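The values are calculated or read from the model by the stated rules, or taken from the named source; none is laboratory data. All of these numbers come straight from a predicted model, not from anything done at the bench. With ideal geometry, Cβ positions are generated from the backbone for all residues, glycine too; neighbour counts draw on all protein chains shown. Note: areas computed on protein heavy atoms with side chains; ligands, DNA, RNA excluded. Shrake-Rupley method; radii C 1.70, N 1.55, O 1.52, S 1.80 Å.
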Amino acid sequence: MMRPRARLKKIAVALCVTAALTTAACAQSGGGTGKPGEVMIAVAGMTNLHNVPLVVADRLGYFAEAGVQVTLTDLQSGTKALEAVASGSADAAASFYDHTLRMQSKGQDYKAFVVLTDSPGAVLAVPPSKAGSITSVENLKGQAVGVAAPGSAEDAYFSLVLGHAGMTMSDVSSVSTGTGASAVAALESGQVSAGWMYEPAFSQFADRNPGTGTLVDTRTAEGNRAMFGESGYAAETLYAKSAWVESRGDDARKVATAVKRALQWMREHTAAEITELMPENLTGTDRAMYTKVLDGTLPMYTTDGKMPENGYAANVELLTRSQGLKDLEPTRTFTNEYVA
């Protein structure tokens, strides 16, 4: 029998409408939205496979068993998830670790307290209509390319990839396409000539569009090394304002405990069993395809929710090279305390 589940809903990010309200909201519990025992998590794309452990924890009732009421809010990108936490509309974000480093460079303290995946799984895809003429990154000069949003992780990846090819972001036109279905629609409609995608969106798109090309593929160990070198790369995390993590440590620990249980459950079950647990609105109607894609990406999940040793090195290098960030102190932007 399915246990009680956290509330999943898709909402617009609520912004404080007056300075007084903003002050009050941001002062409460280190900048979060709810009272102790209630946590709203802004999720950067519920359909993205990076976030499967959250859905597993929800569907198996692990949040409730840990003693915390969790609301998972579906947003289009990591940038939107960050905005939700920054504005006080959400307590924590399920998004890429890079955002904590970017915020540190702006003098703002954010901290990751669970690491879900240690590979981005990002693909720079080319639709069949363009695959014949765009066979290398150099061919993207003057072309429109889809990224989730300005300031997103894909922006940094793209800057790095273009740099390897002797190009800069000014050589292309970046188009905000979100992730998941919106990114698929942008490629299929011809809005962009190439686009950054994640699973299962990429495989669903490629299955419907034979002849799809790839210029970058970090789903594989080889592709990951080509992008980031031999250093570790922390991808999807749960992070929040450091003040929230410190003031609401009990809730952070409960959330981390539930997600860690979900990661352990996933290690002990097959991709088919995990798919069976997932709702159709996240898998799509072709659940066999979803299972196949999930099976190939299971290695990207961490085993225990911890930041791997030196697992942030590639993140620091990426942001230093692609965005010119300096004097980053990564050890201040994560903690393994709550999954210990």
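Have a look at Ser133, Ser89 and point out the one that is touching a Leu at 6+ places or on another chain (Cβ under 8 Å) and hydroxyl-bearing (Ser, Thr, Tyr). Give the derivation first.
Working: Ser133 fails: touching a Leu at 6+ places or on another chain (Cβ under 8 Å).
Within the list Ser133, Ser89, the selection yields Ser89.
In this structure, does Asp207 turn out to be touching a residue at least 60 places away in the same chain (Cβ under 8 Å) and open to solvent by 40 Å² or more (accessible area, probe 1.4 Å)? Spelling it out, Asp207 is indeed touching a residue at least 60 places away in the same chain (Cβ under 8 Å) and open to solvent by 40 Å² or more (accessible area, probe 1.4 Å).
With the requirement that a residue be open to solvent by 10 Å² or more (accessible area, probe 1.4 Å) and in contact (Cβ under 8 Å) with a residue 40 or more places away in the chain, what does region 135-147 give you? Show your work before the answer.
Our first condition is that a residue be open to solvent by 10 Å² or more (accessible area, probe 1.4 Å); within region 135-147, this holds for 135-139, 141-144.
Selection gives Thr135, Ser136, Val137, Gln143, Ala144.
If we only count helices (runs of 4 or more DSSP H) wholly inside region 248-316, which ones have 3 or more residues that are touching a residue at least 40 places away in the same chain (Cβ under 8 Å)? Spell out the reasoning first.
Details: elements: 249-267, 271-277, 280-283, 287-297.
Correct list: 249-267, 287-297.
Considering only residues in region 65-83 that are among the small types (Gly, Ala, Ser) and at pLDDT 95 or above, the one that is surrounded by the most Cβ atoms within 10 Å (Cβ to Cβ) turns out to be Ala81.
If the condition is being of a type in the set (Gly, Ala, Ser), closer than 24 Å to Val52 by Cβ and open to solvent by 20 Å² or more (accessible area, probe 1.4 Å), then region 293-340 contributes Gly296, Ala340.
Go over the candidates Ala122, Ala92, Ala86 one by one and state the one that is open to solvent by less than 10 Å² (accessible area, probe 1.4 Å), under 18 Å from the mean Cα position of the chain (by Cα) and over 30 Å from Gly211 (Cβ atoms).
On the way: Ala122 fails: over 30 Å from Gly211 (Cβ atoms); Ala86 fails: open to solvent by less than 10 Å² (accessible area, probe 1.4 Å).
That would be Ala92, the only listed residue that is open to solvent by less than 10 Å² (accessible area, probe 1.4 Å), under 18 Å from the mean Cα position of the chain (by Cα) and over 30 Å from Gly211 (Cβ atoms).
So which residues in region 320-330 are over 14 Å from Gly232 (Cα atoms) and not in a loop (DSSP other than H, G, I, E, B), if there are any at all? Answer for region 320-330, where residues must be over 14 Å from Gly232 (Cα atoms) and not in a loop (DSSP other than H, G, I, E, B): Thr320, Arg321, Ser322, Gln323. Has region 216-233 got any residue that is buried (at least 24 other Cβ atoms within 10 Å of the Cβ), modelled with pLDDT of 85 or more and either aliphatic (A, V, I, L, M) or part of a strand (DSSP E or B) (or both)? Scanning region 216-233 turns up no residue that is buried (at least 24 other Cβ atoms within 10 Å of the Cβ), modelled with pLDDT of 85 or more and either aliphatic (A, V, I, L, M) or part of a strand (DSSP E or B) (or both).
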